[in-house]
1. Using a probe of 1.4 angstrom, how much of the accessible area of the range 55-187 is carbon and sulfur, in percent?
2. Would you list which lysines come within 17 Å of residue 141, measuring only between C-alpha atoms, while excluding same-chain residues fewer than 8 positions from it?
3. Let me test this: with uniform point scatterers at the alpha carbons of the range 340-381, what is the Debye-based log₁₀ I(q)/I(0) at q = 0.20, 0.22, 0.24, 0.25 1/Å?
4. What aspartates and glutamates could a cross-link reach from residue 403, if we take a straight Cα to Cα line under 12 Å and drop same-chain neighbours fewer than 8 places away?
5. Once both axes come from the Cα atoms, what is the angle between helix 389-408 and the longest principal axis of the chain, in degrees from 0 to 90, rounded to 10?
6. Given +1 on the Cβ of Lys and Arg, -1 on the Cβ of Asp and Glu, and no further charges, what dipole in debye does the chain carry about its Cα centre, rounded to the nearest 20?
7. Compute the angle between helix 297-316 and the longest alpha-carbon principal axis of the chain, please, reported from 0 to 90 degrees and rounded to the nearest 10.
8. Quick one: accessible surface of residue 256, probe radius 1.4 Å, all protein chains present, in square angstrom to the nearest 10.
Amino acid sequence: MINADKIRQQFPILFQEVNDEPLVYLDNAATTQKPKAVLDKLTYYYENDNANVHRGVHTLAERATKDYEGAREKVRAFINANETAETLFTRGTTTSLNWIAKSYGDLAVSAGDEIVISYMEHHSNIIPWQQLAERKGATLKYIEITKEGFLDMESAKKQITAKTKIVSIAHVSNVLGVINPIKELADLAHKHGAVMVVDGAQAVPHMPVDVQALDADFYAFSGHKMCGPTGIGVLYGKRALLEKMAPVEFGGEMIDFVNLYDSTWKELPWKFEAGTPNIAGAIALGAAIDFLTEIGLEAIHQHEAELVAYVLPKLQAIEGITIYGPQNPKDHTGVIAFNLENLHPHDVATALDMEGVAVRAGHHCAQPLLKYLDVPATARASFYLYNTKADADRLIEAILATKEFFQHGSI
Ligand code: C6P
């Protein structure tokens with residue numbers, strides 16, 4: 001059990017008023033807030049250790065390099081990668097997925113091959129594959145979603161065939177709030193000789209993830225959704241695949257020898273990390289990992305499950321509400337997309353903001369999914385470890401007040 005009231009004390013940003021109301025931050029799927037430990041780490045680094053990594057022999061450069069590579073080891077341990085060579089620092093999930101599609105995609109996909117994704121993917125896990133399919137003359141195929149909001153495994157079995165070279169699926173949907181059966185999908189992909197790519201943006205911050213147990217070939221996630229800074233993320237890849245792949249970017253840091261007309265690359269993981277990396281971001285991500293690990297990912301997962309078990313029935317009881325994804329709290333993560341009858345989600349989000357409650361409204365960068373659900377946009381509340389049942393109550397009260405306002409013109 002975690003004590004969210006105590007944990008939230010470590011997040012200074014949460015203690016402010018928005019529109020004269022205490023802030024309730026429920027937009028964690030977009031980005032999470034940062035604890036003091038992460039903010040302090042950033043300041044400490046810039047005040048004490050700032051230097052470029054891997055090149056200098058002076059003391060600051062050595063300290064920066066030690067902490068940057070130390071952060072990589074923290075990432076490795078956090079997702080249980082086999083070795084640090086398999087954990088590359090990127091700008092975030094989007095960059096990680098683009099690197100896979102460009103580097104592995106160009107290597108492994110030819111005309112007539114198939115790439116399989118699903119209708120519940122984020123644009124970052126759609127467009128790189130569309131581009132790859134176009135470059136190579138390959139076909140992009142979609143796994144269906146069941147009426148209940150789960151990935152349809154019968155459809156997966158039909159779509160993944162001997163022609164499939166890549167399967168790429170979100171571990172957790174940023175709209176439907178479902179956890180997808182990655183190990184089962186990986187087994188299916190491997191049976192047909194395809195690789196399994198996982199978009200872990202909404203999973204790694206919220207539950208224990210073991211890339212080896214999942215047998216994922218590639219796994220992508222972002223630091224800013226797990227209490228770390230923006231501009232830093234991770235691409236995990238199995239060594240055997242990364243070894244074969246060409247770097248996506250070229251320049252300083254990633255080279256071994258540069259001749260006039262050709263060059264050789266450093267070994268993994270550095271061959272992919274061209275230019276000065278986001279050193280402070282990586283080190284602060286390491287601090288975020290320490291912070292989350294100390295609380296415990298299983299405990300965080302349980303806490304969010306408890307919040308969902310508390311808030312989902314209360315939401316479901318609101319007249320005229322539609323909640324997307326599975327209706328049983330035990331099948332739903334802390335990402336809850338909803339609409340109120342006759343109200344535009346942007347109006348709902350604006351009205352909730354007037355009550356101090358921050359939620360997202362829009363297509364959530366998942367336009368094909370919203371089209372599939374036949375809805376132009378939704379509101380979305382998303383919970384994290386510092387949210388409490390009191391926050392859930394404020395959400396419910398604000399939704400009821402919003403309904404009242406739009407029906408009768410006053411709150
Ligand atoms: N989803 C949301 O509000 P980046 O922007 O690279 O850190 O993450 C992209 C991304 C990829 N996959 C999934 C499942 C995601 O949810 C996201 C980011 C945010 O839902 C911002 S659009």
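The values are calculated or read from the model by the stated rules, or taken from the named source; none is laboratory data. These numbers come from a predicted model, not from an experiment. Because the Cβ atoms are built from the backbone with ideal geometry, glycine has one as well, and the counts that use them run over all protein chains shown. Note: areas computed on protein heavy atoms with side chains; ligands, DNA, RNA excluded. Shrake-Rupley method; radii C 1.70, N 1.55, O 1.52, S 1.80 Å.
1. On the way: 2700 of 5270 Å².
So the carbon and sulfur contribution to the accessible surface is 51 percent.
2. Within the straight-line limit of under 17 Å, residue 141 reaches these lysines: 157, 158, 163, 165, 371.
3. Each listed q maps to, in turn, -0.58, -0.68, -0.77, -0.82.
4. 319, 341, 347
5. Rounded to the nearest ten degrees, it is 60.
6. Numbers: 37 positive and 52 negative charges, 165 e Å.
Charge dipole of the chain: 800 debye, to the nearest 20.
7. Helix 297-316 and the main axis of the chain meet at about 30 degrees.
8. Its heavy atoms expose roughly 90 Å² to the probe.
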